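Report on one structure; see the data block that follows.
The values are calculated or read from the model by the stated rules, or taken from the named source; none is laboratory data. The model shown is predicted, which means the values in this text are computed figures rather than measured ones. Using ideal geometry, Cβ is built from the backbone for each residue, glycine included, and neighbour counts are taken over all protein chains shown. Heavy atoms of the whole protein, side chains included, go into the accessibility calculation; ligands, DNA and RNA do not. Shrake-Rupley method; radii C 1.70, N 1.55, O 1.52, S 1.80 Å.
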Amino acid sequence: MSARNQIQVLINGQIFMISGYESDEYIQKVASYLSGKLSELQKTDGYRRLTKEKQHMVVQLNVADDYFKAKRQVETLENDVAYRDKEIFELKQQLMDLQRQLDEVKKK
């Protein structure tokens, strides 16, 4: 297991000490994403009028929404790759069959 990292990150104008086994760059990227999400939400009047508890819930829902959208996109891409792999396999089979037929014709 890799060493545990400790890094200061800036989220929503506040400095936090975060520790984890991921790289410093990755932890900074996650913190930056979260800070951007908070900044995006804070621009809306509806979000600013919510209680802190509800604001936290909205942030969590938005992050979960991003996660599920990304997961669905990955699944779609994996399905596309599987379909294309199958298509390539079938084309290779057809090519081999045609090559055999061509070889047989040349022998005659």
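Does segment 32-53 hold any residues that are part of a helix (DSSP H, G or I), open to solvent by 100 Å² or more (accessible area, probe 1.4 Å) and out of contact with any helix residue (DSSP H, G or I) (no Cβ under 9 Å at 6 or more places or on another chain), and which are they?
Listed by number, the residues that qualify are Arg49, Lys52, Glu53.
Criterion first (assigned to a strand (DSSP E or B) and at pLDDT below 95) does Ser19 satisfy it?
Yes, satisfied.
Under 7 Å between Cβ atoms, at least 6 apart or on separate chains: pull out the pairs that start in segment 73-91 with a residue that is among the β-branched types (Val, Ile, Thr) and end on any residue that is surrounded by 10 or more Cβ atoms within 10 Å (Cβ to Cβ).
none
Only one residue in Val59, Val105, Val81, Val74 is under 30 Å from Gly46 (Cβ atoms) and among the hydrophobic types (A, V, I, L, M, F, W, C), so which one is that?
So the residue among Val59, Val105, Val81, Val74 that is under 30 Å from Gly46 (Cβ atoms) and among the hydrophobic types (A, V, I, L, M, F, W, C) is Val59.
May I ask you to list the residues in segment 1-17 that are under 21 Å from Glu40 (Cβ atoms) and touching a helix residue (DSSP H, G or I) at 6+ places or on another chain (Cβ under 7 Å)?
Result: Val9, Leu10, Ile11, Asn12.
Say we look at segment 9-29 and pick out the residues that are within 21 Å of the chain's Cα centre (by Cα) and without any contact (Cβ under 8 Å) to a residue 12 or more places away in the chain; which of these is farthest from Gln60 (Cα to Cα)?
Ranking the candidates gives Glu25 first.
The conditions are (1) surrounded by 12 or more Cβ atoms within 10 Å (Cβ to Cβ); (2) in contact with a strand residue (DSSP E or B) (Cβ under 7 Å, 6 or more places away or on another chain), and Lys29 fails exactly one of them. Which is it?
Single failed check for Lys29: (2).
What residue, among those in segment 54-81 that are closer than 15 Å to Ile11 by Cα and aliphatic (A, V, I, L, M), is most open to solvent (accessible area, probe 1.4 Å)?
That would be Val63.
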